[in-house]
Amino acid sequence: MGRSRCNSGASVNLAELIDTVPDFPKKGINFRDITPLVASPVALQFIADKLGESALAAKAEVIVAIEARGFLFAGPLSVTKNLPCYLARKPGKLPKPTVSESYGLEYGAAELHIHRDTPLSGKNVFVVDDVLATGGTALAAAALVEQLGGIVCGYGFVIELSGLPGRQKLQGQATVRSLVKLDA
Ligand code: AMP
């Protein structure tokens, strides 16, 4: 994407703040490293503004953030748009009883959990993560939301990897917003 303005008036080019690390964590994967982006408060605010616009347009009432890098973007979004944020976490991290979903990754297999008592029932939920690749992670988060009676109204990502089926997998009733499209 080109330069855009955030609410503070700053000009942000997100793509310039994303490093690509070839063959990490295994050969053939171009890892998109967001370290420079997270080091930029202006970029974080810009992302919160843009994903927040999509969340409100989708009538979101709460956010579900995906561990770990999704947390970095969901926090500012939650504050900016006054939306409660709940955490979908990797196994063994949450202290209370959970519901869980298994899923496949671009580079392996994984599981997501959320506290069983998370108040999502009847709520419109906006799911947030850093990268949309194959869509397996976001779909697992959506399945957790649905297990608890929530309705996924939208998904927000900073980066979408093109050439992978993520967007097709997620599109349905929910809107899918990404801020930068990069090759897988
Ligand atoms: P997926 O389930 O295939 O859509 O993968 C999305 C999840 O895996 C996100 O939580 C990302 O943090 C991570 N991920 C997948 N591919 C990449 C990549 N090329 N660079 C950085 N993170 C990635």
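The values are calculated or read from the model by the stated rules, or taken from the named source; none is laboratory data. Keep in mind that what you see is a predicted model, and the values were worked out from it rather than measured. Positions of Cβ are generated from backbone atoms using ideal geometry, with glycine treated the same way; all protein chains shown enter the neighbour counts. For the accessible areas, the whole protein counts, side chains as well, though only heavy atoms, and no ligand, DNA or RNA atoms are used. Shrake-Rupley method; radii C 1.70, N 1.55, O 1.52, S 1.80 Å.
Observations on the model:
- For the stretch 161-175, Karplus couplings with θ = phi - 60° (6.51, -1.76, 1.60), whole Hz, Gly/Pro x: 8, 7, x, 10, x, x, 4, 4, 5, 8, 5, x, 6, 8, 7
- Listed by chain and number, the lysines placed with their C-alpha closer than 19 angstrom to that of LYS181 are LYS50, LYS169; residues fewer than eight positions away on the same chain are left out.
- Placed amide H near ASP33: partners under 5 Å, 5+ positions off or other chain: ASP19, THR20, VAL21
- Added length on full extension, which subtracts the Cα-Cα distance from 0.36 nm per residue, ALA68 to LYS93: 7.9 nm
- Lysines whose Cα lies under 22 Å from that of LYS96, excluding same-chain neighbours fewer than 8 positions away: LYS123
- Share of carbon and sulfur in the accessible heavy-atom surface of the stretch 43-184 [1.4 Å probe, %]: 51
- Förster radius 22 Å - calculated FRET efficiency between ALA15 and ALA110 (Cβ-Cβ, nearest 0.05): 0.25
- Sequence-distant residues sharing a close amide H with GLY154 (under 5 Å, placed H): VAL125, VAL127, THR175
- Dipole of the chain computed with +1 at Lys/Arg Cβ and -1 at Asp/Glu Cβ about the Cα centre; of ALA15, ALA48, LEU182, farthest Cα towards the positive end is ALA48.
- Computed over the chain, the P(r) curve from all C-alpha pair distances, binned at 10 Å from the origin, holds 10, 39, 37, 13, 0 percent per bin.
- Taking label positions 7 Å along the Cα-Cβ direction at both ASP23 and VAL42, the computed distance is 3.6 nm, reported to one decimal.
- Paramagnetic reach from ALA184 (point 7 Å along Cα→Cβ, amide N under 16 Å) across the stretch 130-166: 131-139, 159-166
- Nearest-10 value in Å² for the accessible area of CYS85, using the 1.4 Å probe: 50
- In plain terms, the chain from SER162 to ASP33 could stretch by 44.8 nm, reckoned as 0.36 nm per residue minus the Cα-Cα distance.
- Taking all protein chains into account, the per residue accessible area for the chain stands at 46 Å² (1.4 Å probe).
- Taking amide hydrogens as placed 1.01 Å from N in the peptide plane, the amide H of ILE63 sits under 5 Å from those of CYS85, TYR86, PHE126, each at least 5 positions away in sequence or on another chain.
- Loop sites here are trypsin sites (Lys or Arg not before Pro) outside DSSP states H, G, I, E and B with no more than 14 other Cβ atoms within 10 Å. The longest part of the chain free of them is 117-184.
- Most fluctuating residue given options GLN173, GLN45, GLN147, as computed from a GNM of the chain linking Cα atoms under 10 Å: GLN173
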